[in-house]
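Accompanying notes for the structure given below.
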Amino acid sequence: MDKLLNTVVLMLEGSEITLEIFFVTLILALPIGMLAALGRLSTIRLLSRTVEFYIWLMRGTPLMLQLLFVYFALPMVGIMLPDITAALLAFSLNYAAYFAEIFRAGIQAIPKGQYEAAQTLGMTPAQTMRRIILPQVIRIVLPPISNETINLVKDTSLIYILAMNDLLRVARTIVQREFDMTPFVIAAVFYLAMTFVLTWGFKKLEAYYGKYEAEG
């Protein structure tokens, strides 16, 4: 029992890195993704094409490759980043690209008549986006955002390649030291618990916005 308790304690310490990567990535990637979506829809051709290239690059290459590039290639040109910063940079840029496409699809799903109606009422484009469009976009994008967020939980395990003591690396270290597969089972339980909480939270949000729409 003491051995199991010690294992759980060690893995809880490892989960701190996992959770830090998850939450900071989410906090950074969501607003960057929204800005990228607006840039992608911009009538300024250079801006739209630049954002389109960024999204294509991030979605078209593996996240692991992006992690390795940031971690190993940037120091070659004199850009030295701490391990956690390098990981957060790669994760945030990668997930922002996916969120950008989700937000773009959500914005384009809104009928053009609503933009015209808002313009008739004298609203500025910023007011139209904030008061009319975004509340509807949130309802539309919640399911795909939920899926990507759950994927993010699992993708945090990729920081293992950067030799950071995240949940998975701690589990493997214990397994190699003690020849006991229990840490892998505990790690699976940790990941399942995190995805369960996220799934529950997003279902609540979807129900809230669905009720909001019905009342509207």
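Read-outs: derived from the displayed coordinates by stated rules, not from any lab. Predicted, not measured: the structure shown is a model, and the values here were computed from it. No Cβ is skipped: glycine too gets one built from the backbone with ideal geometry, and neighbour counts run over all protein chains shown.
Things to note:
- Leading residue at positive end of dipole, the chain (Cβ point charges), from L167, I132, N151: I132
- Size-normalised alpha-carbon gyration radius of the chain, reference 2.2 N^0.38 Å: 1.22
- Protection-proxy order for peptides 94-103, 8-17, each taking the mean of Cβ atoms within 10 Å per residue, highest first: 94-103, 8-17
- Helix axis angle, 182-215 relative to the chain longest principal axis, alpha carbon, degrees: 20 degrees
- Calculated [θ] (222 nm, deg cm²/dmol) that DSSP helices of n ≥ 4 give over the chain, each run adding -39,500 (n - 2.57): -26000 deg cm²/dmol
- Here the relative contact order of the chain, from alpha carbon pairs under 8 Å that lie six or more residues apart, stands at 28 percent.
- Using alpha-carbon coordinates, inclination of helix 45-60 to the longest axis of the chain, degrees: 30 degrees
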